[in-house]
Amino acid sequence: MPIPPLVPVPQWLPARVPVAEPIAGRAAVLLPLDPERHGPDLYRLFDDGQWEHLPYGPFADARAFCSWLAETTRAGDTLLYVLCAAGSERPLGFFGYRQIQRDHGLIEIGHVNFSAALRRSRLASEGLYLLLRTAFDHGFRRCEWRCDSRNLPSAAAARRLGFQFEGTLRQAMVVKGRNRDTMVFSMLDGEWVRLQTAYRMYLDDANFRPDGGQLRALADFTA
């Protein structure tokens, strides 16, 4: 195998970690996740099947779920948000950043947990667009998406969103008594230059019917 060429990164400065503050879009708004405030409402959104491919859950009750949220949000490399419709503070799901490595410009979108009604919706797509835009606006050069190799809907979502499949980490984890292989996807800052235009075209009001149905899918724009 030939040695890859050396690629200098001149005048590199570490990325800036996003501040825990609301991020507003056209139809969606992201609010920093408050476990006490948002936890009970989030818990009611999910059934036990929600946690099948995740290292955590299901939870015995709302108190256990809120305790997990509190512990997770305290991690120094994690920043979580709830996703709401614009003009509302009722959470429809949560997601955010993890594995934030500002010195290398690396950030991962993780803990993606959406209610059934939110999946593959305009709100969900705009929420993920807002996360990506914020990450790259803060100087990150690589955004990752990782999922259980058995989680085919998550892998399909990564591709639909414009992430590139890089490979599978074999025997990456032991989760709930079984082996987990992890699929790794990435999006680079240079690719975002094109992809953000695709997102804006998809999210434009002209691409949606009065009932909210899309005319063209996001994958049509990001392909």
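The values are calculated or read from the model by the stated rules, or taken from the named source; none is laboratory data. Owing to the predicted nature of the structure, the values given are computational and were not obtained by experimental measurement. As a convention, Cβ positions derive from the backbone with ideal geometry for all residues, glycine included, and neighbour counts pool all protein chains shown. Note: accessible area is taken over every heavy atom of the protein model, side chains too, but ligands, DNA and RNA are not part of it. Shrake-Rupley method; radii C 1.70, N 1.55, O 1.52, S 1.80 Å.
Among Pro153, Pro14, Pro32, the largest mean-square fluctuation in a Gaussian network model of the chain (Cα springs under 10 Å) belongs to Pro153. Between Gly39, Ser121, Pro153, the Cα set farthest toward the positive side of the dipole of the chain (charges on each charged residue's Cβ, about the Cα centre) is that of Pro153. The share of accessible area on region 21-165 that comes from carbon and sulfur is 46 percent, using a 1.4 angstrom probe.
Remark: region 69-221 carries a charge dipole of roughly 460 debye about the Cα centre, counting +1 on each Lys and Arg Cβ and -1 on each Asp and Glu Cβ.
Taking the chain as a Gaussian network, where each spring joins two C-alpha atoms under 10 Å apart, which residue of Leu118, Leu203, Leu128 fluctuates the most? Highest fluctuation among the options: Leu118. For the pair region 133-201 and region 1-32, the centres of their Cα atoms are 14 angstrom apart.
Checking (1) 19.7; (2) 18.5; (3) 17.2 against the coordinates, the calculated Kirkwood radius over Cα pairs in Å falls under label (2). Per residue, the accessible area of the chain comes to 54 Å² when a 1.4 Å probe rolls over the protein heavy atoms.
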